[in-house]
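Q: Here's a structure for you.
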Ligand code: C2O
Ligand code: CU
Ligand code: CU
């Protein structure tokens, strides 16, 4: 299979070159010599699902309607009520079961809000959980008081009115709870939603047939879960039931829009998929089963200035891409799988995992994800845009020499170490994480009463994130979309040229980013690792925009 080619060659080169590669100084990268074996296991799964006739149909996520009943005015009102014990039917190729989940508005599926740039949003949140919750608007440039961080909790049975005006480019954003130390659990239980922003540029591209739209524009939410064994047709979600879970909750069952290995019937034209990694901890290396090339047209915070052609795309927790795949050369009856390729494991994964099929799946590698069945012949009328109009913000690269901290980047060092008092990872059941791992940024764990960084309102800053730990971490900051400047000094290329609110920093890597802190968005915001168990364990800090004081209000 073609997709295996590059990895196989890398793996072979590494095996020939020895099992350990020193990468300077005292850091040593351990090489995973079993990639070819993993490739073979994936090929077997691909062969099986290519012919299976029992795949469930992909759920199209429901779009909420504006409660003011007028889609044309520049205002929109929504209500989001977080409920426990919503009965969700999980469909799989091998039958179905019921799982009680936590969902918004009692809907069995995650909800989609679609709005336009410039719209004034009013979102009434009702917390019907029995714990604090919030709605955090991931990737939104909004005032801190509306940002839904852990410092503005909504108590059980309380409500909060979130209101803000969307003023950022068309993008695939999302929302999720962000209460202190419970974010991982609440997202895992099923609370997350999709928020799509459109703007004049995206609407024009769609109208010009330069970007697929309508039913050719499909949201795909990828999440892994662990289910208990069946009791009376019910399989409960299990959260943090294994020792390793405190280091990142990973389950062996992969859901796409709530189903296991679903299929989508497609026509012979181009489709746009908004691919969301909303897993708590897993990284996926997405590709197609025939190794085909596809175009990435958008990243976390908006469309790319120029589409980028790739044959795979790695996404850490909370990262998104908009991709365009071309089915126009296919014949009716053809099938194609979306997979996650085996990738080079970091030494953390290798410490803790063997090569059994289960462990591979636990790592997000070597997975089949969903199938596309070509069922209808049509003529393809899409000619993908080649570059955005010059007024698109992303068409301008931020200039590092204009940063207010040019020459002295704000530095963040990610680290993990054994010991400390963070063994509280296994909430509730009295077990402790055997590794007793502490996750830190700049040597500190999160303190809700401490502001770590002070940033001037309206300034452009360069941040430098250095990963001194043995595993990759997806770094995220609120209220800003970044441009990546360089990785280990190598200037950004490809999808790194898009707006990013979350990006993977590999073990041993240093990533420099640049972004503008809008003067209207002031107050206290978070930066953190988006492996939610790391975040809940304290791999997070506050930055305050617009105040140089040093006492948290
Ligand atoms: Cu998805 Cu603090 O964020
Ligand atoms: Cu966020
Ligand atoms: Cu992390």
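Read-outs: derived from the displayed coordinates by stated rules, not from any lab. These figures come from a predicted structure and were not determined experimentally. Using ideal geometry, Cβ is built from the backbone for each residue, glycine included, and neighbour counts are taken over all protein chains shown.
Q: Rounded to the nearest 5, what % of DSSP beta bridges with both residues in the range 393-545 are antiparallel?
A: Counting only bridges with both partners in the range 393-545, antiparallel ones make up about 80 percent.
Q: While we're here: For residue 490 and residue 444 in one chain, what is 0.36 nm times their gap in residues minus the Cα-Cα distance, to one decimal in nm?
A: That works out to 13.7 nm of additional length.
Q: How long is the gain from residue 230 to residue 397 if the chain were fully straight, where each residue apart is worth 0.36 nm and the alpha carbon distance is subtracted?
A: So the chain would gain 54.8 nm between residue 230 and residue 397.
Q: Next question. In nm, to one decimal, how far is the modelled label at residue 60 from the one at residue 75, with both set 7 Å along Cα→Cβ?
A: Reported label-point gap for residue 60 and residue 75 is 3.0 nm.
Q: Given the chain, what whole percent of its Cα pairs are spread farther than 36 Å?
A: 30
Q: Residue 200 to residue 408: extension gain in nm, 0.36 nm per residue of separation minus the Cα-Cα distance?
A: 71.2 nm
Q: Quick check: from the Cα gyration tensor, does the range 288-420 come out rounded (a/c under 1.5), prolate or oblate?
A: The shape class here is oblate.
Q: Pairs of Cα atoms under 8 Å, at least six residues apart: use those to get the relative contact order of the range 393-545, whole percent.
A: 29
Q: Take the Cα pairs of the range 79-157, get the Kirkwood Rh, then feed it into Stokes-Einstein at 4 °C and 1.567 mPa s and tell me D in µm²/s.
A: 89
Q: Another question, then. Computed over the Cα atoms of the range 393-545, what is the ratio Rg over Rh, Rh following Kirkwood?
A: 1.00
Q: Please compute the contact order of the range 225-312 in relative form: average sequence separation of alpha-carbon pairs under 8 Å and at least six residues apart, divided by the residue count, as a percent.
A: Reported as a whole number, the value is 19 percent.
Q: Just order 73-81, 119-127 by mean Cβ neighbour count inside 10 Å, highest at the front, would you?
A: For the peptides 73-81, 119-127, the packing ranking is 119-127, 73-81.
Q: Please report Rg over Rh for the range 75-207, where both radii come from the alpha carbon positions and Rh follows the Kirkwood definition.
A: 1.01
Q: Got the relative contact order for the range 92-166 handy, in percent, Cα pairs under 8 Å and 6 or more residues apart?
A: Dividing the mean separation by the residue count of the range 92-166 yields 36 percent.
Q: Can you give the FRET efficiency to the nearest 0.05 for residue 167 and residue 293, using r as the Cβ-Cβ distance and R₀ = 51 Å?
A: Efficiency for this residue pair is about 0.90.
Q: Can you tell me the Rg and Dmax of the range 183-294, counting just the alpha carbons, in angstroms?
A: Considering the range 183-294 through its Cα atoms, Rg and Dmax are 17.5, 53 Å.
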